[in-house]
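Notes for the one structure printed next.
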Amino acid sequence: MTYSKITGLGFYVPENVVTNQDLTQFMDTSDEWIRERTGIRERRYFTYGKDTNAGMAAAASRMALERAGLQARDVELIVYATITPDYFFPGSGFLMQRELGLEGIGVIDIRDQCSGFVYALSIADQFIKTGMYKTILVVGSEIQSSWINKSNEGRGVAVIFGDGAGAAVLQATEDPEHRILSTHLHADGRYAEDLYVRDPGSSRPGRSATKEMVDEGGFDVIMNGNAVFKHAVVRFSEVIGEALEANGLRPEDIALLVPHQANIRISEYVRQQLNLPEDRVANNIQKYGNTTAASIPIALTEAWEQGRVKPGDLVCMAAFGSGFTWASALIRW
Ligand code: UT7
């Protein structure tokens, strides 16, 4: 039986650090409000002319490949998650493929928002288990800072998000002990408009982008923060429980939980539900904010660099986001 396992991890965040205090220049907010409601102290914003969505992903991927002891040419497929691509289409996965010199291999571009990385990992896992590919690059990358509305109208959303990229190399293994145990994907489109960007959409007649759309705020992220929060705490716990149950495991077996970095209060609630000690949950939202599809691979890579992920450890990733989507992955490292 063929399984898949993560053999290399990497991440990249832009150099430009933007503190909560820095945001007060653009909007009516405060360091205290942001820290108390979200746990965030600072985030990274890309530098125009230096960082791109695909470029950051390529940097993260090179690091992951080096740690896996592989060359870029060993990669057979790219699964790339982002909701903030460099172009409306084609997706940034193709630009990263070009940058890595991998012309010819397949690229699967997905969105799936904050659950994007877990969805991407699940897709890659299936391709490896069927025997179609042996080495797949799984990527999450976002540039949120060029998208969000940094005025007072957008402050409820703008303070949360940041930029960055993370990557994992997934390889085939015959070892039943150290592998991805299972992945679990869910969505509920009834809540699509509780966290969304309407434009440029194809649902209305005329040009897909007009000045009116900009003036109406059609390009802004619209978020019903309270609804997202309430659903997130339920779904996180549910999907982690589902993964544990599928493998006959219990919460106390988790050596490291890597939740999508949405809000420190959400992660803390989930930690308490599972009765896990603080050191078994990876949290870096304080430094990077919510980097959407990049948040899990960045947090996992940092935890791995800190020696918090060791062979034999049970690692659980869990995400919740726009869609609504939610997902989990359980790995025996
Ligand atoms: O990955 C999924 C992505 N999204 C999420 O995970 C979001 C989940 N939701 C949340 O994290 C929280 O709902 C937020 C952090 C977004 C908001 O926290 P909240 O405790 O739900 O605050 P609220 O939206 O109920 O707003 C409370 C007050 C309001 O003022 P009034 O009406 O009480 O006078 C807001 O206008 O805080 C005000 N407010 C702000 N004040 C200072 C909203 N944004 C800000 C801000 N700075 N940036």
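Of the candidates 41, 73, the single residue that is within 16 Å of the ligand (Cβ to nearest atom), at negative phi and surrounded by fewer than 19 Cβ atoms within 10 Å (Cβ to Cβ) is 41.
On the given criteria, is residue 117 in a loop (DSSP other than H, G, I, E, B), in contact (Cβ under 8 Å) with a residue 60 or more places away in the chain and of a type in the set (Phe, Trp, Tyr)? When the stated conditions are applied, residue 117 does not pass them.
Taking the criterion of being within 16 Å of the ligand (Cβ to nearest atom), loosely packed, with under 15 Cβ neighbours inside 10 Å and under 23 Å from the mean Cα position of the chain (by Cα), the only residue of the range 1-34 that qualifies is 19. Evaluate the range 86-109: report whether one residue or more is touching a residue at least 40 places away in the same chain (Cβ under 8 Å), assigned to a loop (DSSP other than H, G, I, E, B) and over 29 Å from residue 160 (Cα atoms). Yes, the conditions are met somewhere in the range 86-109.
For the range 212-252, the tally of residues that are assigned to a helix (DSSP H, G or I), charged (D, E, K, R) and surrounded by fewer than 14 Cβ atoms within 10 Å (Cβ to Cβ) stands at 5. Selection of first residues in the range 137-151 that are among the basic types (Lys, Arg) and at pLDDT 95 or above and of second residues that are in a strand (DSSP E or B) and crowded, with 24+ Cβ neighbours inside 10 Å, restricted to Cβ pairs under 6 Å at least 6 apart or on distinct chains, gives an empty result. With the condition kept exactly as written, say whether any residue in the range 295-313 is more than 24 Å from residue 325 (Cα to Cα), in a loop (DSSP other than H, G, I, E, B) and β-branched (Val, Ile, Thr). Taking every residue of the range 295-313 in turn, at least one turns out to be more than 24 Å from residue 325 (Cα to Cα), in a loop (DSSP other than H, G, I, E, B) and β-branched (Val, Ile, Thr).
The values are calculated or read from the model by the stated rules, or taken from the named source; none is laboratory data. Nothing here was measured: the structure is a model prediction, and the numbers come from that model. A quick note on method: Cβ atoms are made from the backbone with ideal geometry, for glycine too, and the neighbour counts reach across all protein chains shown.
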